[in-house]
Amino acid sequence: MQNSKHFLMPKILLVEDNELNRDMLLRRLVRHGFDVIAAENGLQGLLDAHAEAPDLILMDMSLPQMDGWELTRRLKAGRATQHIPIIALTAHAMLGDREGALQAGCDDYDTKPVDLGRLLSKIETLLLRRTSEGNISTNYQATVSFPPQTQPVAFNKEGK
Ligand code: MN
């Protein structure tokens, strides 16, 4: 039973060397129904991408051991990994970063700090593209709920 439930969760590989960013994003993605594997450097990301066959990769571009640019190029050059969508994450909206990320082979790009709603919609777009190609569970939509853009009102002013 546990295995079949596991199977329905899209698996995301999160490659991020900053521990706080990594843990926070991991927790939030898990809460939204994803199975998340975290790697703290580029080399570990490369190994995990092969060992875990994730459905999607979130890639910090500034990484120790092997940076995100090199890791992306390697993954997109490898037969076993070239089909995995990659979303690049960079700390600053640097001019040319987006073009550079796409040129390196990334499928999409976003900036940190992460806007989770925006990132989830990019993840969804790439996963659904794969769904239509038959590569991932079609139950994906049922397993992921999107965060409300605003918190529900916690109190009623009229009652005060
Ligand atoms: Mn980094």
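Going by neighbour counts of Cβ atoms within 10 Å, the residues V36, V30, V114 line up, fewest first, as V30, V114, V36.
Label positions at A77 and H50, each projected 7 Å from the Cα along the C-beta direction, are separated by 1.4 nm. Can you list the aspartates and glutamates whose alpha carbon is less than 18 Å from that of K112, not counting same-chain residues fewer than 8 positions off? Within the straight-line cut-off, K112 pairs with E16, D17, E19, D23, E40, D60, D67, D97, E99.
Values in this text are rule-based calculations from the coordinates and carry no lab data. All values reported here derive from a predicted model rather than from experimental measurement. All Cβ positions, even for glycine, are placed from backbone atoms using ideal geometry, and neighbour counts span all protein chains on display.
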